[in-house]
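S.K.: For reference, the structure I am asking about is given below.
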Amino acid sequence: MNKEKKEYPFPKVHTFMVKEVCMAKKGQITIPKAIRDEDGMQEGDLFTVTHTPTGDIVFKVKKQQDPVDHLIKFLKSMPPIDADKAWQEILKERRKEHR
Amino acid sequence: MLYCADTWFILKLFEQDAKALELLQNTKYGKDRIIIPLVVFTEGTKKLLQWGISQERINTFFDYIEASPHIILVFPNKDLATRTAHISLTFSLSIMDAFVATTAIMNNCEILLTKDSDYDLLKKKKYVKVQSW
């Protein structure tokens with residue numbers, strides 16, 4: 001069986017890490033080295049910072065090519081599923097657990 | 001427009017539904033944004049595995065989701081968990097339904113993408129707007 005060629009520019013599995021960092025005078029924080037090394041972050045990389053209504057702050061590395069293009073191409077590379085049928089199964093399971 | 005996606009929307013993407021893909025495309029330009037509750041990630045993974053999609057492909061899918069600047073995976077905190085319990089009790093929703101609805105409400109989502117009549121009372125009380133097709 002041929003291995004399908006992966007056009008996948010991002011690291012596949014990330015190590016779950018929790019680190020404590022301290023904010024400096026002008027709001028700078030340092031991303032821990034372990035995280036920088038694992039994700040290949042370099043000086044000059046851009047991030048988007050999202051402040052959610054629940055108070056979470058989410059940092060995302062801004063990649064030059066939008067991953068949505070890759071995502072849509074990836075979805076179209078697979079045989080489609082029957083979403084309505086799968087969803088009916090889920091509804092049954094949710095209602096069964098609720099009883 | 002800020003959307004909250006139930007597992008229904010994830011399945012629609014795997015169906016390559018045109019409208020779902022269009023909405024996804026819109027996030028590229030920030031015209032629309034989508035938040036995905038972590039519980040949807042779990043339930044979606046389970047259902048996709050049951051339907052024969054490999055874990056590797058599911059990982060790839062969610063890695064792209066996480067890399068997208070306008071699609072956010074929302075992790076529950078204690079506050080969200082508490083409110084979920086109240087919404088489940090008040091509206092007689094399953095914990096899963098309540099988690100999804102509460103995530104939408106607490107993140108000020110304009111639309112919840114789902115196809116579930118159990119949300120009708122929440123809709124009626126104007127807690128959340130629901131959209132499906």
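S.K.: Have a look at B:GLU110, B:GLU56 and point out the one that is more than 7 Å from chain A (Cβ to nearest Cβ), without any contact (Cβ under 8 Å) to a residue 40 or more places away in the chain, surrounded by fewer than 19 Cβ atoms within 10 Å (Cβ to Cβ) and not hydrophobic (A, V, I, L, M, F, W, C).
M.R.: On the way: B:GLU110 fails: without any contact (Cβ under 8 Å) to a residue 40 or more places away in the chain.
Only one candidate qualifies: B:GLU56.
S.K.: Inside segment A:38-47, can you point out the residues that are open to solvent by less than 100 Å² (accessible area, probe 1.4 Å), under 10 Å from A:VAL61 (Cβ atoms) and assigned to a loop (DSSP other than H, G, I, E, B)?
M.R.: Within segment A:38-47, the first condition is being open to solvent by less than 100 Å² (accessible area, probe 1.4 Å), and the residues that meet it are A:38-41, A:44-45, A:47.
So of that shortlist, the ones also under 10 Å from A:VAL61 (Cβ atoms) come out as A:39-41, A:45, A:47.
Matches in segment A:38-47: A:GLY40, A:MET41, A:ASP45.
S.K.: Given the conditions (1) more than 10 Å from chain A (Cβ to nearest Cβ); (2) buried (at least 19 other Cβ atoms within 10 Å of the Cβ); (3) assigned to a loop (DSSP other than H, G, I, E, B), and given that B:THR84 satisfies all but one, which numbered condition is not satisfied?
M.R.: Result: B:THR84 passes all but (3).
S.K.: Could you list all residues from segment B:6-15 that are open to solvent by 10 Å² or more (accessible area, probe 1.4 Å) and more than 14 Å from B:LEU48 (Cβ to Cβ)?
M.R.: Result: no residue meets the conditions.
S.K.: Tell me, which residue of segment B:119-133 that is under 17 Å from A:GLN88 (Cα atoms) and either in a loop (DSSP other than H, G, I, E, B) or touching a Ser or Thr at 6+ places or on another chain (Cβ under 7 Å) (or both) is most open to solvent (accessible area, probe 1.4 Å)?
M.R.: B:TRP133
S.K.: Say whether the condition of being free of Cβ contacts under 8 Å to residues at least 60 places away in the same chain and assigned to a strand (DSSP E or B) is met by at least one residue in segment B:60-71. Please lay out each step first, then the result.
M.R.: Within segment B:60-71, the first condition is being free of Cβ contacts under 8 Å to residues at least 60 places away in the same chain, and the residues that meet it are B:60-71.
Checking the rest, the ones that are also assigned to a strand (DSSP E or B) come to B:71.
So far as segment B:60-71 goes, yes, one or more of its residues are free of Cβ contacts under 8 Å to residues at least 60 places away in the same chain and assigned to a strand (DSSP E or B).
S.K.: Residues to consider are B:LYS12, B:LYS28; find the one that is facing chain A (nearest Cβ under 9 Å) and under 23 Å from B:ASP118 (Cβ atoms).
M.R.: On the way: B:LYS28 fails: under 23 Å from B:ASP118 (Cβ atoms).
The match here is B:LYS12.
S.K.: So which residues in segment B:87-107 are in a helix (DSSP H, G or I), among the hydrophobic types (A, V, I, L, M, F, W, C) and either farther than 22 Å from B:ARG33 by Cβ or open to solvent by less than 10 Å² (accessible area, probe 1.4 Å) (or both)?
M.R.: The first filter runs over segment B:87-107 and keeps only residues in a helix (DSSP H, G or I), leaving B:87-91, B:95-106.
With among the hydrophobic types (A, V, I, L, M, F, W, C) added as a condition, the list becomes B:87, B:89, B:91, B:95-96, B:98-101, B:104-106.
Result: B:ILE87, B:LEU89, B:PHE91, B:ILE95, B:MET96, B:ALA98, B:VAL100, B:ALA101, B:ALA104.
S.K.: Being free of Cβ contacts under 8 Å to residues at least 40 places away in the same chain, more than 7 Å from every other protein chain (Cβ to nearest Cβ), assigned to a loop (DSSP other than H, G, I, E, B) and surrounded by 11 or more Cβ atoms within 10 Å (Cβ to Cβ) narrows it down to one of A:ILE35, A:ILE29, A:ILE81, so name that one.
M.R.: Numbers: A:ILE35 fails: assigned to a loop (DSSP other than H, G, I, E, B); A:ILE81 fails: more than 7 Å from every other protein chain (Cβ to nearest Cβ).
Result: A:ILE29 is the single residue among A:ILE35, A:ILE29, A:ILE81 that is free of Cβ contacts under 8 Å to residues at least 40 places away in the same chain, more than 7 Å from every other protein chain (Cβ to nearest Cβ), assigned to a loop (DSSP other than H, G, I, E, B) and surrounded by 11 or more Cβ atoms within 10 Å (Cβ to Cβ).
S.K.: Could I ask something else about it? Go through the residues of segment A:85-96 one by one and say whether even a single one is loosely packed, with under 13 Cβ neighbours inside 10 Å, more than 7 Å from chain B (Cβ to nearest Cβ) and not in a helix (DSSP H, G or I).
M.R.: Checking segment A:85-96: not a single residue is loosely packed, with under 13 Cβ neighbours inside 10 Å, more than 7 Å from chain B (Cβ to nearest Cβ) and not in a helix (DSSP H, G or I).
S.K.: Still on this structure: Please state which of the following conditions B:LYS31 fails to meet, knowing it meets all the rest: (1) in a loop (DSSP other than H, G, I, E, B); (2) farther than 25 Å from A:ALA86 by Cα; (3) open to solvent by less than 10 Å² (accessible area, probe 1.4 Å); (4) of a type outside the set (Gly, Ala, Ser).
M.R.: (3)
S.K.: Okay, next question. Scanning for something under 20 Å from A:THR52 (Cα atoms) and over 13 Å from the mean Cα position of the chain (by Cα), does segment B:40-60 turn up at least one residue? Step through it out loud before you land on a result.
M.R.: Of segment B:40-60, the ones under 20 Å from A:THR52 (Cα atoms) are B:40-41.
Add one more test, that the residue is over 13 Å from the mean Cα position of the chain (by Cα), and what stays is none.
No, segment B:40-60 contains no residue that is under 20 Å from A:THR52 (Cα atoms) and over 13 Å from the mean Cα position of the chain (by Cα).
S.K.: Here's a follow-up. Counting only residues that are touching a residue at least 12 places away in the same chain (Cβ under 8 Å), closer than 14 Å to B:ILE72 by Cα and in a loop (DSSP other than H, G, I, E, B), how many does segment A:48-70 have?
M.R.: Of the residues in that region, 1 qualify.
S.K.: Same structure, new question: Return the residues of segment B:67-76 that are surrounded by fewer than 20 Cβ atoms within 10 Å (Cβ to Cβ) and either within 8 Å of chain A (Cβ to nearest Cβ) or within 12 Å of the chain's Cα centre (by Cα) (or both); say none if nothing qualifies.
M.R.: Taking segment B:67-76 as the starting set, the residues that turn out to be surrounded by fewer than 20 Cβ atoms within 10 Å (Cβ to Cβ) are B:73, B:75-76.
Hits for segment B:67-76 are B:LEU73, B:PHE75.
S.K.: Before we move on, is B:TRP8 among the aromatic types (Phe, Trp, Tyr) and within 18 Å of B:VAL100 (Cβ to Cβ)?
M.R.: The answer is yes for B:TRP8.
The values are calculated or read from the model by the stated rules, or taken from the named source; none is laboratory data. Everything numeric here is computed off the predicted structure, so don't read it as measured data. Because the Cβ atoms are built from the backbone with ideal geometry, glycine has one as well, and the counts that use them run over all protein chains shown. In case anyone asks, the SASA skips ligands and DNA or RNA and just uses the protein heavy atoms, side chains included. Shrake-Rupley method; radii C 1.70, N 1.55, O 1.52, S 1.80 Å.
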